[in-house]
Amino acid sequence: MTEKSFKTADLWSGLVLAALGIFIVMEARQWDFLTSDGPGPGFFPVWYGIAMVVLSVALVISSVLRSVSRADGAVNWHETGRALSVWLALVVSVAVLKLIGFAISFAALTFFIVAVMYRRPLQVAASVAVTSAAGFYLLFAVALGVPVPTGILGF
């Protein structure tokens with residue numbers, strides 16, 4: 001292994017996530033895995049932790065096996081800015097969720113991703129945003145009966 005392979009973000013994030021997954025599994029083992037009613041409070045966290053460990057180990061292995069794509073190790077700030085803008089849009093969407101409701105918040109997030117990030121025409125972005133928000137609302141609120149946050153407009 002070269003020294004560069006140890007400096008990759010995938011390697012270090014994979015190691016940290018593997019440690020977090022092991023911690024989750026160890027803590028969740030203290031809770032009931034199965035009860036007479038079915039899965040207990042430890043069921044989901046145990047499987048989530050196991051999946052986290054397996055996927056992070058795969059990330060570590062792949063980062064060690066592949067060569068570093070950028071020889072100079074420089075950060076591509078354009079791509080980093082685009083990724084951070086999606087995270088910011090998600091944060092704003094979650095922050096205004098109770099105020100404007102799930103449907104509008106999700107539609108606005110979807111519109112931003114399609115129009116700004118994928119650079120599609122505004123008509124396409126609007127149709128994807130409305131269709132996906134309506135689909136999620138119909139699936140969860142109507143078909144499954146799961147309450148979704150409603151905003152000041154009532155949906």
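The values are calculated or read from the model by the stated rules, or taken from the named source; none is laboratory data. Given the structure is predicted, the values throughout are model-derived calculations rather than measurements. Don't worry about glycine lacking a Cβ; one is built from the backbone with ideal geometry, like all the others, and counts go over all protein chains shown.
Restricting attention to region 139-155, the residues being more than 20 Å from A95 (Cα to Cα) and more than 22 Å from the chain's Cα centre (by Cα) number 4. Do we have G101 as touching a Gly at 6+ places or on another chain (Cβ under 7 Å), at pLDDT 90 or above and within 30 Å of F23 (Cα to Cα) here? Answer is no for this residue. Yes or no: F136 touching a residue at least 40 places away in the same chain (Cβ under 8 Å) and either in contact with a helix residue (DSSP H, G or I) (Cβ under 8 Å, 6 or more places away or on another chain) or not in a helix (DSSP H, G or I) (or both)? No; evaluated as a whole, the condition is false for this residue. Taking the stated definitions as given, is V60 outside the structural domain of V114 (by TED's automatic domain parsing), modelled with pLDDT of 90 or more, of a type outside the set (D, E) and surrounded by 11 or more Cβ atoms within 10 Å (Cβ to Cβ)? No.
Return the only residue of T8, T2 being among the β-branched types (V, I, T), at pLDDT below 85 and surrounded by fewer than 14 Cβ atoms within 10 Å (Cβ to Cβ). Working first, answer last.
On the way: T8 fails: surrounded by fewer than 14 Cβ atoms within 10 Å (Cβ to Cβ).
Of T8, T2, the one residue that is among the β-branched types (V, I, T), at pLDDT below 85 and surrounded by fewer than 14 Cβ atoms within 10 Å (Cβ to Cβ) is T2.
The residue that is surrounded by the most Cβ atoms within 10 Å (Cβ to Cβ), counting only those in region 106-155 that are at pLDDT 95 or above and among the polar types (S, T, N, Q), is T110. Applying the criterion of at least 1 residues that are touching a Pro at 6+ places or on another chain (Cβ under 8 Å) and under 27 Å from G154 (Cα atoms) to the helices (runs of 4 or more DSSP H) found wholly in region 77-119 leaves 97-100, 102-112.
Six or more apart or on different chains, Cβ atoms under 7 Å: show the pairs whose first residue is in region 103-127 and touching a residue at least 40 places away in the same chain (Cβ under 8 Å) and whose second is buried (at least 16 other Cβ atoms within 10 Å of the Cβ) and among the hydroxyl-bearing types (S, T, Y). If the second residue must be buried (at least 16 other Cβ atoms within 10 Å of the Cβ) and among the hydroxyl-bearing types (S, T, Y), the pairs left are A103/Y137; S105/S93.
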